[in-house]
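Have a look at the structure below, then the notes.
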Amino acid sequence: MSHDAAQAIDLFGIPSDAGASCRGSGMGPDAMRVAGLIETLVTLGYAATDHGDIAWDRRPAGGTPWRLSDERKAEVLAIARQSSERAWVSMQAGRLPAFVGGDHSLSMGTISGVARHCAAIGKPLFVLWVDAHGDFNTPATSETGNIHGMPLALLCGEPDFGPEYEGAWRGKVDPRNVTIFGARSIDRPERQLLERRGVEVIDMRRIDEMGVVALMREVLAKVEAVGGHLHVSLDVDAVDPSIAPGAGTPVAGGLTFREAHLVMEMIHDCGHMGSLDIVELNPYLDHAGMSARLLVDLAASLFGRQIMPRQTARMDINTDVTSI
């Protein structure tokens with residue numbers, strides 16, 4: 001995606017925490033709206049339309065407790081069917097679908113819709129999963145049973161999911177085209193599965209050693225080499241909880257403010273991002289909206305906001321510094 005004033009963005013809220021380990025991320029879409037997400041995109045020159053929240057059959061008030069998993073799974077799957085269709089229709093119309101959650105289980109549907117579109121037009125799909133976690137558990141390996149730890153495994157075709165996860169909404173992602181960026185909490189069975197499937201995991205140790213720029217250049221070069229479609233799935237917990245406390249599963253030692261912005265800026269500059277998730281913002285755990293504001297700022301960098309225009313920010317190497 002190039003930064004083009006004609007680029008149309010479809011924004012969809014998914015106010016559900018059914019796949020999560022704690023309540024609260026269902027309030028994420030409204031918190032992002034209050035923090036100015038749509039206004040920011042419009043200011044950057046995009047035709048951004050907020051389509052409101054995706055609807056599904058909600059759990060009745062006063063019904064069974066939230067922690068009973070069958071109802072929560074049914075909600076996750078109802079949302080997946082809806083969001084897959086929304087992503088498909090948006091992309092078929094030449095628009096950029098952006099989904100704001102909500103917990104990370106929503107990506108089962110959003111990326112499925114993107115994958116279906118890419119398969120239909122013969123375009124390679126790449127997924128950049130910016131997250132502290134691998135989210136590559138299956139119902140057989142998960143210690144908690146929380147579905148927000150499973151979306152990548154489902155998308156990459158792991159076989160341990162039951163027939164209830166099948167359907168026309170499902171799309172497939174080649175695990176060799178997936179990069180997890182910023183990881184620092186991965187379960188042992190999950191690690192083994194990631195290695196066997198060829199998923200690239202760029203953990204914080206590698207980022208500490210090599211830096212964001214070198215690693216992101218490698219990731220983006222793979223997309224550029226084949227003219228691929230890049231889907232970005234941004235989890236708030238990728239960023240260090242000291243600056244983004246509104247995460248249900250925080251892990252210390254995350255991306256710094258500048259590292260996170262640099263990742264977003266480089267993705268924009270590569271020009272291949274065509275769909276987006278922003279997930280796991282939990283306003284109940286946030287401090288005075290600071291995580292929501294940070295995510296809106298990161299989205300601004302992702303869609304092309306610059307400190308200075310690139311061509312004027314660089315000094316000509318022939319400039320006589322004594323004359324400055």
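Some points to look at:
- The sole residue among GLY171, GLY145 that is outside any strand (DSSP E or B) and either closer than 19 Å to LEU234 by Cβ or more than 17 Å from the chain's Cα centre (by Cα) (or both) is GLY145.
- Of residues in region 18-42 being assigned to a helix (DSSP H, G or I) and of a type in the set (Ser, Thr, Tyr), the one nearest to the chain's Cα centre (by Cα): SER25
- Qualifying residue in region 229-237 (condition: of a type outside the set (A, V, I, L, M), within 14 Å of the chain's Cα centre (by Cα) and assigned to a helix (DSSP H, G or I)): yes
- Within the set ASP30, ASP50, ASP10, the sole residue that is touching a Lys or Arg at 6+ places or on another chain (Cβ under 6 Å) and modelled with pLDDT of 95 or more turns out to be ASP10.
Conditions (1) of a type in the set (Asp, Glu); (2) exposed (fewer than 15 other Cβ atoms within 10 Å of the Cβ); (3) in a helix (DSSP H, G or I); (4) modelled with pLDDT under 95, marked per residue:
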{"position": "GLU195", "(1), (2), (3), (4)": "yes, yes, yes, no"}
{"position": "ILE207", "(1), (2), (3), (4)": "no, no, yes, no"}
{"position": "VAL213", "(1), (2), (3), (4)": "no, yes, yes, no"}
{"position": "PRO241", "(1), (2), (3), (4)": "no, no, no, no"}
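- Within region 254-284, the set of residues being in contact with a strand residue (DSSP E or B) (Cβ under 6 Å, 6 or more places away or on another chain) and in a strand (DSSP E or B) comprises LEU255, MET273, GLY274, SER275, LEU276, ASP277, ILE278, VAL279.
- Any hit, region 71-87, residues being of a type in the set (Ser, Thr, Tyr), in contact with a Gly (Cβ under 6 Å, 6 or more places away or on another chain) and touching a residue at least 24 places away in the same chain (Cβ under 8 Å): yes
- Being over 19 Å from ILE111 (Cα atoms) and either small (Gly, Ala, Ser) or surrounded by fewer than 24 Cβ atoms within 10 Å (Cβ to Cβ) (or both) is a property that does not hold for GLY274.
- The single condition from (1) more than 17 Å from the chain's Cα centre (by Cα); (2) at pLDDT 95 or above; (3) within 24 Å of VAL199 (Cα to Cα); (4) among the polar types (S, T, N, Q) that GLN92 fails is (3).
- Note on region 116-133: among residues that are assigned to a loop (DSSP other than H, G, I, E, B) and surrounded by fewer than 23 Cβ atoms within 10 Å (Cβ to Cβ), the one that is farthest from the chain's Cα centre (by Cα) is GLY122.
- Among (1) in contact (Cβ under 8 Å) with a residue 40 or more places away in the chain; (2) surrounded by fewer than 21 Cβ atoms within 10 Å (Cβ to Cβ); (3) of a type outside the set (Gly, Ala, Ser), the one test that ASP203 misses: (1)
- All positions within region 69-94 that are of a type in the set (Ser, Thr, Tyr) and either closer than 23 Å to ALA8 by Cβ or in contact with a Phe, Trp or Tyr (Cβ under 9 Å, 6 or more places away or on another chain) (or both): SER83, SER84, SER90
- Number of the exception - SER83 against (1) at pLDDT below 95; (2) of a type in the set (Gly, Ala, Ser); (3) outside any loop (DSSP other than H, G, I, E, B): (1)
- Some residue of region 100-107 being assigned to a strand (DSSP E or B), modelled with pLDDT of 95 or more and in contact with a helix residue (DSSP H, G or I) (Cβ under 8 Å, 6 or more places away or on another chain): yes
The values are calculated or read from the model by the stated rules, or taken from the named source; none is laboratory data. Source: prediction; values computed, not measured. All Cβ positions, even for glycine, are placed from backbone atoms using ideal geometry, and neighbour counts span all protein chains on display.
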